[in-house]
Amino acid sequence: MAKMTKTTKRNLVTALLFISPWVIGFLVFTLGPIVLSVYYSFSAYNVFQPPIWIGLDNYTTIMDDPLFYKSLYNTVYYTALSVPGVLVLSLLLALLLNSRLKGMNIFRTIYFLPSVLSGVAVSLLWMWLFNPDSGLINLLLSYLGIEGPLWLNSPYWSKPALVIMSYWGLGGVMVINLAGLQAIPTELYEVATIDGASAWRKFWSITLPMISPTLFFNLITLSIGSFQVFTQAYVMTSGGPVNSTLFYVFYLYRMAFENLRMGYASALAWILFAIIMVFTLIQLRLSKRWVYYQEG
Amino acid sequence: MRMRRTFYAALVYGTLSLGAVSFLLPLFWMISTALKADFQIFAYPPQWMPNPVVWENFKRAIDYFPFWLYARNTMIITVSVVVGQVVTAALVAYGFAKIEWPGRDVVFVFVLATMMLPSQVTMIPLFVLFQRMGWINTWLPLIVPSWFGGGAFNIFLFRQYFRTIPNELSAAARIDGCSEARIFAQIIFPLAKPVVATVSIFAFLWTWNDFIGPLIYLHSAEKYTLALGLRAFQQYSSTEWNLLMAGSLIVMLPIIVLFFLLQRYFVEGMAMSGLKG
């Protein structure tokens with residue numbers, strides 16, 4: 001590097017002081033653990049004895065582990081039903097809320113509120129709602145003359161139940177969509193109206209392209225989030241019945257903290273990382289076909 | 001034309017109302033159950049309204065927990081995390097936004113790149129690290145990391161905001177001999193209130209609701225957070241749904257109150273995280 005001027009040098013020192021919390025945090029809580037995690041993933045390690053290097057054994061065992069495939073399948077199933085539903089419904093609600101009618105703020109509040117609630121309390125609430133005999137959901141179904149399923153007690157209905165529960169939390173995504181809709185310049189619609197465009201045409205040619213970056217952002221963050229689903233399964237179903245809600249991160253947690261197979265769990269974590277990376281890169285590729293970025 | 005508009009309004013209100021009812025019903029059912037007498041919970045067919053109304057359930061739930069101890073524990077952890085994230089994310093962001101130094105943008109790419117890493121990758125080595133330090137069954141693993149950078153996304157939010165503050169402001173102070181630390185603390189940071197609100201709210205929500213962190217690190221009951229306490233409550237009273245719903249409601253209540261008091265910041269914070277992403 002060329003010789004630095006006195007000001008540059010002083011700036012560098014000051015800036016490093018300011019960012020030092022992040023630098024220390026990055027080294028101790030991120031980079032160090034990353035290196036160790038790679039090492040553990042090639043080891044047999046139960047915390048009490050030092051790790052023993054076993055090469056690729058963890059990875060090859062995982063490839064033959066039926067529960068790995070089961071948990072991966074459950075997670076993909078959950079993501080594939082939850083994410084598109086949340087994306088479409090939250091956009092639909094945002095479009096309705098964006099109509100310049102009175103009282104929209106009240107509706108926004110109602111839809112937004114459940115999304116800030118989460119964790120164990122919400123899991124308990126939905127456990128109770130899905131109770132086959134005394135829960136609200138089967139009560140409502142009975143009014144329609146439908147005998148409701150066993151939901152969380154049935155290996156066929158446990159995942160759909162958790163998917164339905166995830167729709168209750170779509171309010172945050174809806175608010176993001178609403179902000180995206182409100183950022184579209186009104187002149188675009190005015191010009192289109194003068195040209196005689198129908199409402200349908202305006203939606204496809206203005207609204208959708210203009211909001212596509214927001215939709216893409218939602219798709220990525222929602223998918224990553226739902227790939228890491230854990231608390232609901234832990235509290236509501238303990239992964240059952242018959243492993244039907246054994247999700248990937250839950251399986252990883254079990255391996256690490258119940259079976260103390262830290263090496264195996266570390267290998268699972270790196271496979272999860274690879275899956276998320278590949279998914280995101282594919283979506284980035286595909287996004288060039290449908291996401292519209294304005295110039296500048 | 002006017003009729004079409006009326007029809008359109010009716011359609012919008014109709015759809016939104018139907019949706020709103022289904023979004024509120026779970027909360028209604030929760031409150032209703034929380035107020036039911038023990039014999040009424042499993043009545044068949046299920047009853048919509050509690051009869052009699054048993055307010056005592058809330059008191060019973062609070063004693064069951066013990067709620068006040070866990071509320072205090074959760075509060076200590078949550079406040080420490082919020083303050084740590086706000087202060088250190090703002091400091092770090094200042095270093096990236098307001099000071100010119102060689103390599104700045106390259107290092108910032110590293111900050112952003114850490115967001116791509118799922119927390120599960122570092123979870124196990126961090127557990128081992130904290131175990132070596134004797135921090136298992138203390139709140140330190142849940143608090144201390146927040147004081148070292150405050151999270152990449154928060155740094156990003158602060159940096160974006162600081163960049164909109166004109167540089168003339170800090171330049172003038174510098175000429176007057178003001179130190180960089182004072183420019184940060186007295187000029188720039190006080191201007192960033194909207195980001196402080198956003199970061200605080202999301203840090204609060206996240207820490208208040210966090211389950212896997214306390215689950216991994218806290219083992220003795222007197223150290224539990226509300227989330228863990230609620231889980232333990234569920235395990236030894238698995239059928240007393242009136243008490244469980246009362247307990248869940250009490251745990252949600254601070255968040256609900258905060259939501260109604262600061263709704264504007266919740267909405268702006270959400271919008272900010274989406275649009276800048």
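Values in this text are rule-based calculations from the coordinates and carry no lab data. Quantities reported herein were computed from a predicted structural model and do not represent experimental measurements. Quick reminder, even Gly has a Cβ in these numbers, built from the backbone with ideal geometry, and neighbours come from all protein chains shown.
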Taking each residue of B:258-269 in turn, how many C-beta atoms of other protein chains fall within 10 Å of its C-beta, and what is the average? 3
If neighbour count is taken as other Cβ atoms inside 10 Å, put A:Ser212, B:Ser248, A:Ser238 in order from fewest to most. A:Ser238, A:Ser212, B:Ser248
Counting partner chain Cβ atoms within 10 Å of every residue's Cβ in A:135-141, what's the average? 4
Efficiency by 1/(1 + (r/R0)^6): what FRET value for B:Ala9 and B:Gln160, r their Cβ-Cβ distance, R0 = 30 Å, to the nearest 0.05? 0.20
What FRET efficiency would be calculated for the residue pair B:Arg2, B:Leu253, taking the C-beta separation as r and a Förster radius of 56 Å, to the nearest 0.05? 0.75
For the residue pair A:Leu208 and A:Tyr143, what label-to-label distance in nm results when each label sits 7 Å from Cα along the Cα-to-beta-carbon direction? 3.5
With the 8 Å Cα cutoff and a minimum separation of six or more residues, chain A has a relative contact order in percent of 28
Candidate cut points under trypsin sites (Lys or Arg not before Pro) in segment B:168-277, DSSP loop plus at most 13 other Cβ atoms within 10 Å of their own Cβ, are B:Lys276
Rounded to 0.05, the calculated FRET efficiency for the beta carbons of A:Ala274 and B:Asp105 at R₀ = 25 Å is 0.35
Ordering B:107-118, A:53-64 by per-residue average of other C-beta atoms within 10 angstrom, highest first, gives B:107-118, A:53-64
When we measure straight from the Cα of B:Lys223, which aspartates and glutamates land under 15 angstrom away, once same-chain ones fewer than 8 places off are left out? B:Asp210
Longest chain A segment clear of GluC sites (Glu not before Pro) sitting in DSSP loops (not H, G, I, E or B) with at most 15 other Cβ atoms within 10 Å runs A:148-294
Once you have a ≥ b ≥ c as the square roots of the Cα gyration tensor eigenvalues for chain B, tell me rounded if a/c is under 1.5, and otherwise prolate or oblate according to whether a/b is larger than b/c. oblate
If we restrict to alpha carbons, what Rg and Dmax does the protein assembly as shown come to, in Å? 25.5, 83
By per-residue mean of other Cβ atoms within 10 Å, what is the highest-first order of A:246-254, A:154-162? A:246-254, A:154-162
Which helices pass in chain A if a helix is a full DSSP H run, must span at least 24 angstrom along its long axis by Cα, and must have mean Kyte-Doolittle hydropathy not below -1.0? A:6-25, A:66-97, A:208-227, A:262-290
Is it possible to state the helix-based mean residue ellipticity at 222 nm for chain A, with each DSSP H run of 4+ residues giving -39500 (n - 2.57), the sum divided by total residues, to the nearest 500 deg cm²/dmol? What is it? -20500 deg cm²/dmol
Sequence gap at least 6, Cα distance under 8 Å: using those rules, report the relative contact order of chain B to the nearest whole percent. 31
Would you mind calculating the relative contact order of segment B:2-58 from Cα pairs under 8 angstrom and at least 6 residues apart, reporting the percent as a whole number? 28
Of B:Pro214, B:Pro194, B:Pro46, which has the largest mean-square fluctuation in a 10 Å C-alpha GNM of chain B? B:Pro46
Hypothetical label at A:Val47: residues of segment B:101-129 whose amide nitrogen lies under 15 Å (7 Å Cα-Cβ projection): B:123-129
What's the center-to-center distance, using Cα atoms, between segment B:243-275 and segment A:18-52 in Å? 34
Over the whole of B:12-23, what's the average partner chain Cβ count within 10 Å per residue? Rounded to a whole number, please. 5
Taking the Cα centre of each part, how many Å lie between segment A:181-212 and segment B:193-240? 44
How big is the gap, in Å, between the Cα center of segment A:268-294 and the Cα center of segment B:66-101? 31
